[in-house]
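The values are calculated or read from the model by the stated rules, or taken from the named source; none is laboratory data. Computed from a prediction, not measured in an experiment: that's the story for all the values here. Note: ideal-geometry Cβ built from the backbone for every residue, glycine included; neighbour counts use all protein chains shown.
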Amino acid sequence: AQSVAQPEDQVNVAEGNPLTVKCTYSVSGNPYLFWYVQYPNRGLQFLLKYITGDNLVKGSYGFEAEFNKSQTSFHLKKPSALVSDSALYFCAVIPRGNKLVFGAGTILRVKS
Amino acid sequence: DGGITQSPKYLFRKEGQNVTLSCEQNLNHDAMYWYRQDPGQGLRLIYYSQIVNDFQKGDIAEGYSVSREKKESFPLTVTSAQKNPTAFYLCASSQGLAGAPDTQYFGPGTRLTVL
């Protein structure tokens with residue numbers, strides 16, 4: 001089955017420290033990969049996507065993600081976390097020719 | 001959230017009632033989607049439409065219905081056949097066909113509660 005996994009329900013990090021939110025995928029072929037963020041009682045906001053090319057993708061609000069084909073991963077990173085980064089983060093994948101599939105989400109808590 | 005509106009923000013339904021959730025977009029997107037969000041389960045696709053007057057079932061279509069009479073509108077009806085409709089419902093749109101790497105843009109959501 002084509003899927004995406006976010007192995008951590010919650011990630012806690014201190015403000016100013018680097019953060020990583022993990023995502024792994026299981027699809028046939030080369031996937032399209034996305035990260036979205038959701039603040040409480042709001043819709044999802046697009047952060048970044050990987051289509052092809054450079055494995056390091058830069059997105060909104062200082063976030064970046066690294067595509068690793070051998071490890072089938074697409075981890076979200078930020079060099080210095082802000083309290084305002086606290087939210088629910090979703091990784092998603094479009095297997096080629098198919099629909100968007102979401103992970104279960106990871107809650108990021110940044111403490112001051 | 002810009003470009004996609006959903007109404008109402010909160011909706012309460014009595015058991016046995018049908019309710020309709022509104023979704024409108026002014027992005028001139030061809031494709032539109034409805035998702036259901038439950039805690040700890042991510043988003044699940046209910047229905048999607050790639051073009052006016054055409055739509056397809058997603059992974060959890062039972063108990064739901066949609067229409068796509070206009071490009072900018074994709075209303076979702078939650079029928080009494082949906083056994084557990086309490087959830088957060090999100091509408092999205094994208095420029096191209098489903099399966100292409102087009103970014104989906106989301107509305108602010110409607111929280112439906114069954115009394």
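Values as computed for the structure displayed
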read-out	value
Test set (1) among the hydrophobic types (A, V, I, L, M, F, W, C); (2) away from chain A (no Cβ under 13 Å); (3) free of Cβ contacts under 8 Å to residues at least 40 places away in the same chain - residue B:76 fails condition number	(3)
Scope the stretch B:8-34; condition over 16 Å from the mean Cα position of the chain (by Cα) and in a strand (DSSP E or B); matching residues	B:12, B:13
Counted residues, the stretch A:54-103 - those being surrounded by 16 or more Cβ atoms within 10 Å (Cβ to Cβ), within 14 Å of another protein chain (Cβ to nearest Cβ) and of a type in the set (Ser, Thr, Tyr)	1
Residue in the stretch B:66-84 that is within 26 Å of residue A:4 (Cα to Cα) and acidic (Asp, Glu) present	no
Single condition residue A:45 does not satisfy, out of (1) at positive phi; (2) without any contact (Cβ under 8 Å) to a residue 24 or more places away in the chain; (3) touching a Ser or Thr at 6+ places or on another chain (Cβ under 8 Å)	(1)
Residues satisfying the stated conditions in the stretch B:1-58, i.e. surrounded by 14 or more Cβ atoms within 10 Å (Cβ to Cβ), farther than 16 Å from residue B:104 by Cα and touching a Lys or Arg at 6+ places or on another chain (Cβ under 6 Å)	B:19, B:52, B:55
Scope the stretch B:10-55; condition of a type in the set (D, E, K, R), farther than 17 Å from residue A:92 by Cα and at pLDDT below 95; matching residues	B:13, B:14, B:15, B:30, B:54
Of all residues making up the stretch A:9-35, the number that are over 15 Å from residue A:78 (Cβ atoms) and surrounded by 12 or more Cβ atoms within 10 Å (Cβ to Cβ)	9
Of all residues in the stretch B:44-58 being in contact with a strand residue (DSSP E or B) (Cβ under 8 Å, 6 or more places away or on another chain) and either among the aromatic types (Phe, Trp, Tyr) or part of a loop (DSSP other than H, G, I, E, B) (or both), the one that is farthest from the other protein chains (Cβ to nearest Cβ)	B:52
Sole exception among (1) assigned to a loop (DSSP other than H, G, I, E, B); (2) at pLDDT below 95; (3) within 14 Å of chain A (Cβ to nearest Cβ) for residue B:61, by number	(2)
Those residues of the stretch B:94-112 which are modelled with pLDDT under 95, among the polar types (S, T, N, Q) and in a strand (DSSP E or B), in sequence order	B:94
Selected residue (criterion: farthest from the other protein chains (Cβ to nearest Cβ)) from residues of the stretch B:1-43 that are among the basic types (Lys, Arg) and over 12 Å from residue B:91 (Cβ atoms)	B:14
